[in-house]
Amino acid sequence: DPISFGPERLNDFFFVKNGTVFHQFNHGAYGGTPKALFESQYKYVEQMKSSIRDWMDGATGYRQCMTLAKQRLAEIMHIPIQWPVTGPVSFINPITAALEANASSINIRIAIFSHISAYPPVILSVKELVELFHQYNISVIVDEAHALGNIEINIEDISNVDYYFTNSHK
């Protein structure tokens, strides 16, 4: 028996709505995923969602980036934050104390932080943190990847950020 191809097999392989399928199949992030692949992917998504820590070993994520930065670029100042967070002072006070304690001995050039941290999720006070770091002549990079579309971003509050990164796919 010959194998059938074409429009009559579309429903077997792709998600079709009103007889139309998205035709941009060769796309890295979005597009027409074949049904068999989608079902297989979902098994891994379900496995990941049920044991997220097993999937976040840090080999290529934030922890590894920090390790490489320590090895090749600079000394990293880690400032512990007390949990649970009760407001902006939960971040401002420990950072201020660390900056004051190390102002004469460490040449801090750049501060990097996210507007919304990923784990645990916390909204940071960008305006206040930028003002604090700038008092010590420290440039600021803010990673806004999780903020756009999730919280209101006030342009006035971020106008003094030295480097600001965001995207709209999250």
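Among the residues of the stretch 69-102, those that are among the hydrophobic types (A, V, I, L, M, F, W, C) and either in contact with a Pro (Cβ under 8 Å, 6 or more places away or on another chain) or over 12 Å from L132 (Cβ atoms) (or both) comprise A69, L73, A74, I76, M77, I79, I81, W83, V85, A101.
Residue pairs whose Cβ atoms lie under 6 Å apart, separated by 6 or more positions or on different chains, with the first residue in the stretch 83-98 and assigned by TED's automatic domain parsing to the domain that holds V122 and touching a residue at least 24 places away in the same chain (Cβ under 8 Å) and the second in a helix (DSSP H, G or I) and among the charged types (D, E, K, R), are P88/E128; I92/E128.
Checked against (1) without any contact (Cβ under 8 Å) to a residue 12 or more places away in the chain; (2) on the phi < 0 side of the Ramachandran plot, S114 passes all but condition (1). Taken as a whole, the structure places K70 among residues that are under 21 Å from the mean Cα position of the chain (by Cα), within 30 Å of A111 (Cβ to Cβ) and at pLDDT 70 or above.
Look at (1) outside the structural domain of R109 (by TED's automatic domain parsing); (2) at pLDDT 75 or above; (3) of a type in the set (A, V, I, L, M, F, W, C) and you find that M77 fails only one, number (1).
Only a single item in (1) closer than 21 Å to V140 by Cβ; (2) at pLDDT 70 or above; (3) in a loop (DSSP other than H, G, I, E, B) is not met by Q82, and it is number (1). Taking the criterion of being modelled with pLDDT under 65 and part of a helix (DSSP H, G or I), the only residue of the stretch 28-64 that qualifies is Y62.
How about the stretch 127-149: which of its residues are surrounded by 13 or more Cβ atoms within 10 Å (Cβ to Cβ) and either part of a loop (DSSP other than H, G, I, E, B) or in contact with an Asp or Glu (Cβ under 6 Å, 6 or more places away or on another chain) (or both)? Don't jump to the end; show me each part of the working.
Narrowing the stretch 127-149 to residues surrounded by 13 or more Cβ atoms within 10 Å (Cβ to Cβ): 127-134, 136, 138-148.
The answer is K127, Y136, I138, S139, V140, E144, A145, H146, A147.
The values are calculated or read from the model by the stated rules, or taken from the named source; none is laboratory data. Treat the numbers as computed from the prediction; the structure is a model and nothing was measured. Methodologically, a virtual Cβ is constructed for each residue, glycine included, from the backbone with ideal geometry; neighbour enumeration extends over all protein chains shown.
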